[in-house]
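Just so it is clear, none of the values below were taken in a lab; they were calculated from the coordinates. Quick caveat, the model's predicted, so the values are computed rather than measured. A quick note on method: Cβ atoms are made from the backbone with ideal geometry, for glycine too, and the neighbour counts reach across all protein chains shown.
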Amino acid sequence: MTAGGLILAVESSCDETGIAIVDGGKTILANVVASQVAMHAAMGGIVPEVAARAHLRWIVPVLDEAWAAAGVGWDDIAAVAVTNGPGLAGSLLVGINFAKTLAYVHAKPLVPVNHLEGHLYAAWLADETREVAEPLFPLVALIVSGGHTFLVEMTDHLQYRLLGETVDDAAGEAFDKVGRLLGLPYPGGPAIMKAAASATRQDVVFPRAWLGDSFDFSFSGLKTAARRTIATETDGEGTSIGESALSEDRVAELSYGFQESVVDVLVTKTLRAARQVGARSVVLGGGVAANRVLRDRLADGAAAAGFPLVVPRPSLCTDNGAMIGAAASRRWAAGARAGLDLDARPSLPLARR
Ligand code: KG4
Ligand code: ZN
């Protein structure tokens, strides 16, 4: 065990119940995630109250499994960390209340963590399979999730400057909405990636919103273009889940065209930002960073430009407790503590311009 001790981290901001035990912000002793994806797939998306109740149902079994995996006890834990925003209020409250109770009963300090900072700090979790051990400052990070899409510059730990963000939909949200229009199961991201990989024709081109020299993103025009194409090729407003009126081949081709458009804009802007700030590394995180095409394209572009890409393995890109433990370790070292009156902050920002 390294100095600073172990952090027990709780994540419940959206639809994954995650609890991890992390050593020194790097080493994962346990990282248990109960995913509600299968449950929400039946509804075609997340129903907030259903998500909150599922956290309530799973949080204790997830903790039990984390203890069993880590083989440590309360004496080894230095602090309890919890995501306090941004996210769904009801979901956040379950994790916050649980973490508070643990901190109170076991007399441990409570460390609040911004979910987006968690996605960023996933890049500092140890991964033997990676060539670059750790990101170097200054760096540019692209965080792409279901609720957020933004580019930040980091000059040092916990020091952020917002370079750009989405002006409408998040990239993951665009994947989910277009996946639904294509009749693919929820969440749309992995389903579109899989469909696109089987496209035999790669000539569908959807628009890219460059927004001039800005580092902001916009995906609503792309979503509208996809909706129009799908509507003209079927008899109306897209399709229902699992029942596309489009052929499987056509779904694959449209998935390919859509994914290319999103990836092209994300990669081009990130590399331009990295060049502009003289970055020594590029970091990629958030659920959409599980996308193979985005990972490969950004890795190739970054390597060609001389700054390596650091991207966590896919299971650490989607929501999990370990990333919260990684960020908590830095926040803890910087003196961050929450009182037992800690509340959920659904719109908590990470950085300003
Ligand atoms: O970070 P995350 O797990 O939850 C949020 O904080 O939002 O991200 C979930 C998002 C969903 O929109 C999902 O469709 C997307 O990440 N996603 C993907 C892939 N895997 C998950 N998007 C594209 N390709 C993937 N392989
Ligand atoms: Zn997330």
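Results, tabulated for the structure shown:
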quantity: Calculated [θ] (222 nm, deg cm²/dmol) that DSSP helices of n ≥ 4 give over the chain, each run adding -39,500 (n - 2.57); calculated: -13500 deg cm²/dmol
quantity: In the chain, lysine pairs closer than 26 Å at Cα, eight or more apart or cross-chain; calculated: 9
quantity: Gaussian network model of the chain, springs between alpha carbon atoms under 10 Å - residue of His157, His40, His119 with greatest fluctuation; calculated: His157
quantity: Acute angle (nearest 10 degrees) that the helix 171-181 long axis makes with the longest principal axis of the chain, alpha-carbon atoms; calculated: 50
quantity: Length gained when the stretch Lys194-Asp343 is fully extended (0.36 nm per residue, less Cα-Cα span); calculated: 49.7 nm
quantity: For the chain, built as a Gaussian network whose Cα springs stay under 10 Å, the top-fluctuating residue of Phe219, Phe98, Phe258; calculated: Phe98
quantity: Within the range 115-178, GluC sites (Glu not before Pro) in DSSP loop having at most 12 other beta-carbon neighbours inside 10 Å; calculated: Glu128, Glu131
quantity: C-alpha long axis of helix 248-277 to longest principal axis of the chain, angle in °; calculated: 60
quantity: In degrees, nearest ten, helix 188-197 long axis to first principal axis of the chain (Cα); calculated: 50
quantity: Global geometry of the range 139-311, whether rounded, prolate or oblate, following the gyration tensor of its Cα atoms and the 1.5 cut on a/c; calculated: prolate
quantity: Long-range amide H partners of Leu29 with built H, under 5 Å; calculated: Ile21, Val22, Asp23
quantity: Surface/4 estimate of mean projected area, convex hull on alpha-carbon atoms of the chain, nm²; calculated: 17.0
quantity: Loop trypsin sites (Lys or Arg not before Pro), the range 79-166, which have at most 16 other Cβ atoms in a 10 Å radius of their Cβ (DSSP); calculated: Arg130
quantity: Per principal axis, descending, Cα span of the range 75-233 in whole Å; calculated: 62, 36, 32
quantity: Long-range amide H partners of Ser281 with built H, under 5 Å; calculated: Leu136, Val140
